[in-house]
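Colleague: This is the structure, below, for whatever I ask next.
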Amino acid sequence: MISLSSAATNEIGRLKSKQQLHSLFRVRVQPGGCSGWLYHISFDQLINPEDQVFDIDNLQLVMDQETMKYINGLTIDYSEDLMGGGFRFHNPLATSTCSCGNSFSMTS
């Protein structure tokens, strides 16, 4: 399971309201980034057979089973600073993260 801070929920809701279609918030990881695994978030219209769907604060969050192995317990936050706003990922399974916070590594 993953969780969203209230700031992340508000920002996702704001971005979602710009969409004209019913959108799901998809979270996944893929190989890449400077630490080995890269977080990827997007809006999606489809639920695949291998997906898990979570209802969090009136948002439908979707992720596939493979992603769950890497981000179980993840908290997504959103914050703004002088350099701009962005989503922040707090992953208890990560053994290290890059300085930008968008990629991470894990022990096998």
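Colleague: Does the range 31-49 contain any residue that is closer than 18 Å to residue 89 by Cα, within 12 Å of the chain's Cα centre (by Cα), among the small types (Gly, Ala, Ser) and not in a helix (DSSP H, G or I)?
Modeller: Within the range 31-49, the subset closer than 18 Å to residue 89 by Cα is 31-43.
Keeping just the survivors that are within 12 Å of the chain's Cα centre (by Cα) gives 38-43.
From what's left, among the small types (Gly, Ala, Ser): 42.
Imposing the further condition that a residue be not in a helix (DSSP H, G or I) reduces the set to 42.
Within the range 31-49 (the criterion being closer than 18 Å to residue 89 by Cα, within 12 Å of the chain's Cα centre (by Cα), among the small types (Gly, Ala, Ser) and not in a helix (DSSP H, G or I)), the answer is yes, since at least one residue qualifies.
Colleague: Here's something else I'd like to know. Picking from 53, 27, which residue would you name as being surrounded by fewer than 15 Cβ atoms within 10 Å (Cβ to Cβ) and among the β-branched types (Val, Ile, Thr)?
Modeller: On the way: 27 fails: surrounded by fewer than 15 Cβ atoms within 10 Å (Cβ to Cβ).
The unique qualifying residue is 53.
Colleague: Another question about this same structure. Condition (residue is over 19 Å from residue 24 (Cα atoms), open to solvent by 60 Å² or more (accessible area, probe 1.4 Å) and of a type in the set (S, T, N, Q)) applied to the range 73-94: is it met by at least one residue?
Modeller: No, the range 73-94 has no match at all.
Colleague: Looking at the range 5-28 only, could you name the residues that are touching a strand residue (DSSP E or B) at 6+ places or on another chain (Cβ under 9 Å), over 15 Å from residue 40 (Cα atoms) and not in a helix (DSSP H, G or I)?
Modeller: Once the filter is applied, which keeps residues that are touching a strand residue (DSSP E or B) at 6+ places or on another chain (Cβ under 9 Å), over 15 Å from residue 40 (Cα atoms) and not in a helix (DSSP H, G or I), the range 5-28 yields 5, 19, 21, 22, 23.
Colleague: Can you name the residue in the range 10-24 that is open to solvent by 90 Å² or more (accessible area, probe 1.4 Å) and modelled with pLDDT of 85 or more and is also nearest to residue 70 (Cα to Cα) among such residues?
Modeller: Taking the range 10-24 and keeping what is open to solvent by 90 Å² or more (accessible area, probe 1.4 Å), we get 10, 14, 18, 20-22.
Adding the requirement that they be modelled with pLDDT of 85 or more leaves 10, 14.
On the way: 10: 25, 14: 27 Å.
Going through the qualifying residues, I end up with 10.
Colleague: Please find, within the range 30-50, the residue that is surrounded by the most Cβ atoms within 10 Å (Cβ to Cβ) out of those that are without any contact (Cβ under 8 Å) to a residue 24 or more places away in the chain and hydrophobic (A, V, I, L, M, F, W, C).
Modeller: It comes out as 47.
The values are calculated or read from the model by the stated rules, or taken from the named source; none is laboratory data. Since this is a predicted model, take the numbers as computed values, not measurements. Cβ coordinates were reconstructed from backbone atoms using ideal geometry, including for glycine residues, and neighbour counts include every protein chain displayed. Surface accessibility is based on the protein's heavy atoms, side chains included, excluding ligands, DNA and RNA. Shrake-Rupley method; radii C 1.70, N 1.55, O 1.52, S 1.80 Å.
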